[in-house]
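What follows is one structure encoded as structure tokens, with my remarks underneath.
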Amino acid sequence: VISADLGRLAQMRPGSNIRFAAVTRSEAVAALERQNKALLTFRTSLIAAGAASLDSERLLSLTLVDGWVSAGD
């Protein structure tokens, strides 16, 4: 599993189907670079929106969830 896909793999539900595809080292590096660029863009947008400090106190002061979903749904 390439580094860029570890987060997705970690979030898969037990029993999920997984398909693997062979990639070259340069493809894996390019995927990681794209992911890092996307994360930097996201971080920059958070800072621009005034969320420069995302410590526990700041996160607890935010409404991060709107509504709820039953586990049975």
Boolean, residue 41 is polar (S, T, N, Q) and open to solvent by less than 80 Å² (accessible area, probe 1.4 Å): no
Going through segment 44-73 in order, the residues found to be at pLDDT 70 or above, open to solvent by 90 Å² or more (accessible area, probe 1.4 Å) and not hydrophobic (A, V, I, L, M, F, W, C) are 57
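The values are calculated or read from the model by the stated rules, or taken from the named source; none is laboratory data. Here the structure is a predicted model, which means the values were calculated and not measured. The protein model used for the area step is the full one, side chains on, heavy atoms only, and it has no ligands, DNA or RNA in it. Shrake-Rupley method; radii C 1.70, N 1.55, O 1.52, S 1.80 Å.
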